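Undergrad: Attaching a single structure in structure tokens format; questions to follow.
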Amino acid sequence: MTSVDVSTSKGRFNQPVPTSNLDEISDDFPEFEPFDGVPETEVEPRTYGQDQGVLEVLHIDMNQTINEKHHHTHEYDTSNLVIRRGQEFVITITFNRLPTQYDDYQLEFLIGRNPSPNKESQITIPLGSRASTNSYTWNGKILEQNMNSIMVEVLPKPTALVGRYRVYVAISTGNGMKRTKRNASTDLYLLFNAWCQQDAVYLADQDERKEYVLNDYGVMYQGSYGFISQRHWIYGQFEEGILNACIFILDASKMPISDRGKVIKVVRKGSAMINSQDDDGVLVGNWSDDYSMGTAPTAWTGSIKILLQYANTRIPVCYAQCWVFAGVFNTFLRCLGIPARVISNFNSAHDNTGNLKTDLIFKPDGTPDRRRTKDSIWNYHCWNEVFIKRDDIADRYGGWQVVDSTPQELSSGYYCCGPASVVAVKEGEVCYPYDTGFVFAEVNSDVVFFKRDKYGEMKVFRIDTTHVGKRILTKAVGSIQAVDVTHNYKYREGTPQDMATMERAEKFGCERDHSVTPVFNVTVRIDAEPCIVGNDAIVVVVFENLGNQECTITAQLQVSVVFYTGVIDSHFKDENFSVTVPPKQQRSVPLKVTSQEYFPHLGSALSLELTVIAKYQDETINDIKVISLVPPELQMEVPEYLFVGHKDIVKVKFTNPFQFPLKNVFLYIEGAGITPLKHRFYQEIPSLGEITWTEEILPRLPGERYILSLLYCSAIAHVWGFSKLMVH
């Protein structure tokens, strides 16, 4: 994974462009001759001060505990120092004697293969006799001397390359520079810094930094606009191996080391690499409901197992849908220090045709023509936002940016999306990079309804300017409640600001349809509430006669199990009926979809699509509504008090509420800083049967923590529970 095509990836002097950060490198300075024929790695560097004898390095202390406390990185489960750029950290160097003003020595930080000062991948900080001439990319100075030790303060540039650095102390001798041995324990990780005003990811609000960088647990929102549900997710950015896994993703992408300080390039590369569509990235998307070759998207509890599996096998992980892509991408971003959050857009348009409007085509009989319809409207779609400065466009377009790793459309030849300025989306300025027009269509496009006649010609019969982007949510700062951010993306429908936005978008290429649509004498509306899985769904079809004469309407209710993407999984019911409606009045027709009808077709889907097609004289009208099915929950029992390093137990309980047994059931628990992912298998849980799983946990991190449980089987999905814990 570390090799590069030198025919296309060469830099100055015909050298391959370095693209790997995690290779084991032991020959950083092969050009220096060893002492007396002894390999350099077997000697210590030394120099001679005036009448002081040989200067040798005995030990380098990275002061991990002190540094990580100040850099908000103490939760990373790694033995190496983790710090953030643009902020001071200290290193203690112990010599065989106290250095003098005549000694010439320096600190060196190297990242990637073939590091180079002009690429800022080789950093030199002179100390001793040359310290006063320091005009290098990073600053350093001696803070204090104590016996034979010195404490050096180092300040990396706020634009420094992000990744894993090797650290050396080099001492000038009569024969050249001699360096300390390669020692992996002194390697350090340098991250983006939301606490540094000069960093492109600076975020001023302390609570927001705590949420969008440091919180390793999250909530995403699913369901439908009429019934919004939660999906809890363990980001786990601080868990063992995750930081290396995130750096490995950049290595696997062959992203040049010299680009890894540029946040726009990093998030764009991450967007491409979280999916495997064209670059063997992390996750394989699957919306087929056949997950026999991998793990169902609904069976994941979080990002940790996915990222570790990818880093260890170097093979894309099966399978994901939008919330899995967004959850793993959020881990990647926060792990590298980039403020990030997951966004859920309800009634999310997917513009396949690039005209920035959503075209839905219907057959002559009023049924959806799914074969000819290229665009789609998803019940919801999850993407990410990052908070960054935009140095490639005007300053006012900085702040929250949409980035999306779900593979939908190509962007500059790759399946990626963003960063797209949320401000530009709201103002209809769809000309700005990256993919602003596509995001605009997701949240603010018009839905144009076409009917195809028997000759194949299509006519517009309805335009809905309010259906798309009905509600846009993210997790609130400091709680698991939802906060509505729709106003960040769009003005209130019909206001002067909204109309100005749409006019501006048209000037930049957004197509709108200004057709005059026909006025019908009869309207139809479906009313239906969410129902608990296993219960019957009650449907009421409401007809209104706007004319002056009584009308008799013939209608059909079509019912399908539908994925959240709008793709029909199974069409299982057609029910015909008729109703007579007096002039200027309404009539309601109650209908029912029984659990015996829908349950055999559910699989991993938890939505029913109801379509009513009604005919009166020469008019054909319809309405479509998606209703959510509410699954049962897991119950959790946790101790009132937990302590770091002390074992305790949690219990997960479940009662099968259905009139049939659940077979081949997997039960999972996981909690970042609490317990790694664990599972238990049940061959069968009988109807109304109860199970209790008691599991041992060993908390690693203090503070407010969450533990998540999840049940998965082929008959029912989205069954989970969670509990908040306080660890002392």
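Undergrad: Across the range 136-150, which residue is surrounded by the most Cβ atoms within 10 Å (Cβ to Cβ) among those that are touching a Leu at 6+ places or on another chain (Cβ under 8 Å) and assigned to a loop (DSSP other than H, G, I, E, B)?
TA: By that ranking, first place goes to TRP138.
Table: residues versus (1) of a type in the set (Gly, Ala, Ser); (2) in a strand (DSSP E or B).
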| position | (1), (2) |
| --- | --- |
| VAL152 | no, yes |
| PRO158 | no, no |
| ARG166 | no, yes |
| VAL169 | no, yes |
| SER172 | yes, yes |
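Undergrad: If you check LEU188 against the conditions, is it under 25 Å from the mean Cα position of the chain (by Cα) and either at pLDDT 95 or above or open to solvent by 30 Å² or more (accessible area, probe 1.4 Å) (or both)? Quick ask: steps written out before the conclusion?
TA: Details: under 25 Å from the mean Cα position of the chain (by Cα): no; either at pLDDT 95 or above or open to solvent by 30 Å² or more (accessible area, probe 1.4 Å) (or both): yes.
No, not satisfied.
Undergrad: Let me ask something additional. State yes or no: is ASP351 surrounded by fewer than 18 Cβ atoms within 10 Å (Cβ to Cβ) and in contact with a Phe, Trp or Tyr (Cβ under 8 Å, 6 or more places away or on another chain)? If you could, list the steps in order and put the result at the bottom.
TA: Values: surrounded by fewer than 18 Cβ atoms within 10 Å (Cβ to Cβ): no; in contact with a Phe, Trp or Tyr (Cβ under 8 Å, 6 or more places away or on another chain): yes.
Spelling it out, it is not the case that ASP351 is surrounded by fewer than 18 Cβ atoms within 10 Å (Cβ to Cβ) and in contact with a Phe, Trp or Tyr (Cβ under 8 Å, 6 or more places away or on another chain).
Undergrad: Is one or more of the residues making up the range 92-99 open to solvent by less than 50 Å² (accessible area, probe 1.4 Å), of a type outside the set (Gly, Ala, Ser) and at pLDDT below 90?
TA: Within the range 92-99, the subset open to solvent by less than 50 Å² (accessible area, probe 1.4 Å) is 92-95, 97, 99.
The next check asks that each one be of a type outside the set (Gly, Ala, Ser); those that pass are 92-95, 97, 99.
Add one more test, that the residue is at pLDDT below 90, and what stays is none.
Checked against the condition, which is being open to solvent by less than 50 Å² (accessible area, probe 1.4 Å), of a type outside the set (Gly, Ala, Ser) and at pLDDT below 90, the range 92-99 yields no hits at all.
Undergrad: Please find, among ILE66, ILE60, the residue that is modelled with pLDDT of 85 or more, among the hydrophobic types (A, V, I, L, M, F, W, C) and open to solvent by 70 Å² or more (accessible area, probe 1.4 Å).
TA: On the way: ILE60 fails: open to solvent by 70 Å² or more (accessible area, probe 1.4 Å).
The conditions single out ILE66.
Undergrad: Now for a separate question. Can you name the residue in the range 417-445 that is part of a loop (DSSP other than H, G, I, E, B) and open to solvent by less than 10 Å² (accessible area, probe 1.4 Å) and is also nearest to ILE264 (Cα to Cα) among such residues? Spell out how you get there, then give the answer.
TA: As a first pass, look at the range 417-445 and keep what is part of a loop (DSSP other than H, G, I, E, B): 428-435, 445.
Filter once more, keeping what is open to solvent by less than 10 Å² (accessible area, probe 1.4 Å): 428, 445.
Values: GLY428: 21, SER445: 26 Å.
Applying the filter and picking the extreme gives GLY428.
Undergrad: Just one of (1) at pLDDT 95 or above; (2) in contact with an Asp or Glu (Cβ under 9 Å, 6 or more places away or on another chain); (3) under 30 Å from GLN558 (Cα atoms) trips up ASP375, so point out which.
TA: Here ASP375 meets the rest and fails (1).
Undergrad: Are there any strands (runs of 3 or more DSSP E) wholly within the range 619-719 with 2 or more residues that are open to solvent by less than 50 Å² (accessible area, probe 1.4 Å), and if so which? Walk me through how you get there before you give the answer.
TA: Details: elements: 619-630, 635-637, 648-655, 662-671, 675-685, 690-697, 703-713.
In the range 619-719, 619-630, 648-655, 662-671, 675-685, 690-697, 703-713 are the strands (runs of 3 or more DSSP E) which contain 2 or more residues that are open to solvent by less than 50 Å² (accessible area, probe 1.4 Å).
Undergrad: State which residue is farthest from GLU56 (Cα to Cα) when the search covers only the range 100-130 and only residues that are open to solvent by less than 20 Å² (accessible area, probe 1.4 Å) and charged (D, E, K, R). Full working, then the answer.
TA: Keep residues of the range 100-130 that are open to solvent by less than 20 Å² (accessible area, probe 1.4 Å), which gives 103, 105-112, 121, 123, 125-127.
Applying the additional criterion that residues be charged (D, E, K, R) yields 103, 108.
Details: ASP103: 11, GLU108: 16 Å.
Looking at the filtered set, the residue picked out is GLU108.
Undergrad: Any chance you could count how many residues in the range 209-224 are within 11 Å of ALA340 (Cβ to Cβ) and either among the acidic types (Asp, Glu) or at pLDDT below 95 (or both)? I'd like the intermediate steps shown before the answer.
TA: As a first pass, look at the range 209-224 and keep what is within 11 Å of ALA340 (Cβ to Cβ): 211-213, 215, 218.
Now narrow it down to the ones that are either among the acidic types (Asp, Glu) or at pLDDT below 95 (or both): 211.
Of the residues in that region, 1 qualify.
Undergrad: Here's a check for you: in the range 462-481, which residue that is closer than 30 Å to ARG452 by Cα and of a type outside the set (A, V, I, L, M, F, W, C) is nearest to the chain's Cα centre (by Cα)? Give the steps one after another, and end with the answer.
TA: Step one: of the range 462-481, the residues closer than 30 Å to ARG452 by Cα are 462-470.
This time we only want the ones that are of a type outside the set (A, V, I, L, M, F, W, C), so: 462, 464-467, 469-470.
Details: ARG462: 36, ASP464: 31, THR465: 29, THR466: 27, HIS467: 26, GLY469: 20, LYS470: 22 Å.
Of everything passing the filter in the range 462-481, GLY469 is nearest to the chain's Cα centre (by Cα).
Undergrad: How many residues are open to solvent by 50 Å² or more (accessible area, probe 1.4 Å), in contact (Cβ under 8 Å) with a residue 12 or more places away in the chain and under 20 Å from ASN244 (Cα atoms) if we restrict to the range 69-91?
TA: Here is the first cut: in the range 69-91, the ones open to solvent by 50 Å² or more (accessible area, probe 1.4 Å) are 69-70, 72, 74, 77, 79, 88.
Retained after the next criterion (residues that are in contact (Cβ under 8 Å) with a residue 12 or more places away in the chain): 70, 72, 77, 79, 88.
Then keep just the ones that are under 20 Å from ASN244 (Cα atoms); that gives 72, 77, 79.
Adding up the residues that qualify gives 3.
Undergrad: Do we find that SER344 is polar (S, T, N, Q) and more than 15 Å from VAL219 (Cα to Cα) in this structure?
TA: Details: polar (S, T, N, Q): yes; more than 15 Å from VAL219 (Cα to Cα): no.
No: the conditions fail for SER344.
Undergrad: Would you pick out the residues in the range 493-527 that are touching a residue at least 12 places away in the same chain (Cβ under 8 Å), over 21 Å from LEU546 (Cβ atoms) and of a type in the set (Ser, Thr, Tyr)?
TA: Result: THR501, single match.
The values are calculated or read from the model by the stated rules, or taken from the named source; none is laboratory data. On a predicted model such as this, the values are computed, not experimentally measured, just so you know. Neighbour counts run over all protein chains shown; Cβ positions are idealised from the backbone, glycine included. Note: accessible area is taken over every heavy atom of the protein model, side chains too, but ligands, DNA and RNA are not part of it. Shrake-Rupley method; radii C 1.70, N 1.55, O 1.52, S 1.80 Å.
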